[in-house]
Amino acid sequence: MPESRVPRLRRFLVCEPRHFAVQYAINPWMQPDVRVDVDLAQEQWQSLIRVYRSHGHSVAAVEPVPGLPDMVFAANSAVVVDGRVFGSLFHAPERRPESIHYDTWFKTAGYDVYRPESVAEGEGDLVWTGRYMLAGTGFRTTREAHREAQEFFGHPVISLTLVDPYFYHLDTALFVLDDDNIVYYPEAFSPGSREVLARLFPEAVLATRDDALTFGLNSVSDGRHVFIAPRAEALADRLAGHGYVPVPVDLSELHKAGGGIKCCTQEIR
Ligand code: ARG
């Protein structure tokens, strides 16, 4: 274990939960028409942004659009590697219009945007490790989109099959700690995918179902600090044992839609 882990400053893209609500159910966390406290969601989200900035990360924001209650989950709208933007095509018709607004933000910022032909939900399922693109499928993003992403980025895309509906996006079951290592919950994956992860990341930190259910795997790491849900205390303690510095940020109101810290955070690389 390195004496001191070194953070790398990041550029994040986010979207304020001004119009956040749970109006439809497209994952098992969502109880349609459950009451959400938008003010609390906004406060929690603002604290995430403050914490990112106080750790030196830069944060840009897309303007939220009324009628798109899940737009706060910025991670789903694209995956950006080497300045190349692979946009999104949502599985749920309710979320499809979100892509246009994110695409517009990227185009205004001077990027070209590739629009996938097959269902692809950005960093929700396409997770860049610094070496490979880990790609989830089973609930949302399709295998066909994995092929498109490989063709687009020219980096190896490793397809992984998700099997537990509570962990419907790859970023609910796995996150990247740094260029060398990841954390994941093995039972969220098919047996073959589990074997693939074990071969690629023999030193990975393995998580429990509890770690995953408390949104502990929907975390963001800068290589040193791990921005993590406070209820995922057991996992945070284990990460501290590996030399990382857990930084708890509570997004409990957003959990009602099945999203957490990583879902609210897209990284522009
Ligand atoms: N309600 C959203 C959906 O089901 C939550 C998305 C969470 N985002 C994520 N990156 N896992 O699509």
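Using a 1.4 angstrom probe, figure out how much accessible area the chain has per residue, in square angstrom, rounded to the nearest whole.
41
Going by average Cβ neighbours within 10 Å, how do the peptides 50-57, 156-163, 169-176 rank, with the highest at the top?
Per-residue mean Cβ counts within 10 Å order the peptides as 169-176, 156-163, 50-57.
Hey, what did the chain get for relative contact order, percent, Cα under 8 Å, at least 6 apart?
Numbers: 587 pairs, mean separation 61.1, N = 269.
Contact order relative to length: 23 percent.
Please report the Cα spread of the chain along all three principal axes, rounded to whole Å, starting with the longest.
Computed over the chain, the largest-to-smallest principal extents equal 46, 40, 35 Å.
Bin by bin, in steps of 5 Å, what percent of the Cα pairs in the stretch 1-90 do you find, going until the bin that has the longest distance?
Each 5 Å bin holds this share of Cα pairs: 3, 11, 17, 21, 18, 14, 9, 4, 2, 1.
Among Asn27, Leu68, Val51, whose Cα sits farthest toward the positive end of the charge dipole of the stretch 1-70 (+1 at Cβ of Lys/Arg, -1 at Cβ of Asp/Glu, about the Cα centre)?
Val51
What base-10 log of the normalised intensity I(q)/I(0) is obtained for the stretch 122-201 from the Debye formula, alpha carbons as equal point scatterers, at q = 0.17 Å⁻¹?
These q points yield log10 I(q)/I(0) values of -0.57.
Write down the radius of gyration of the stretch 190-236 and its Dmax, each obtained from C-alpha positions, in Å.
Looking at the stretch 190-236, its Cα Rg and Dmax stand at 12.0, 32 Å.
Per the 1.4 Å probe, what fraction of the accessible area of the stretch 201-242, in percent, lies on carbon and sulfur atoms?
Within the stretch 201-242, the accessible surface is 52 percent carbon and sulfur.
Using a ≥ b ≥ c from the Cα gyration tensor of the stretch 87-153 (square roots of the eigenvalues), is it rounded, prolate or oblate, where a/c under 1.5 gives rounded and otherwise the larger of a/b and b/c decides, a/b for prolate?
Oblate, since a/c reaches 1.5 and b/c is not below a/b.
Given a 1.4 angstrom probe, I'd like the percentage of the accessible area of the stretch 1-111 that is carbon and sulfur, rounded to a whole number.
Here carbon and sulfur together make up 52 percent of the probe-accessible area.
Using amide H atoms built in the peptide plane, which far-off residues or other-chain residues are under 5 Å from Ile228 H to H?
Val247, Val249
The values are calculated or read from the model by the stated rules, or taken from the named source; none is laboratory data. Since the structure is predicted, the reported quantities are computational estimates derived from the model, not experimental observations. Every residue, glycine as well, gets a Cβ built from its backbone with ideal geometry; the counts of neighbours run over all protein chains shown. Heads up: the accessible areas ignore ligands, DNA and RNA and are worked out on the full protein's heavy atoms, side chains in. Shrake-Rupley method; radii C 1.70, N 1.55, O 1.52, S 1.80 Å.
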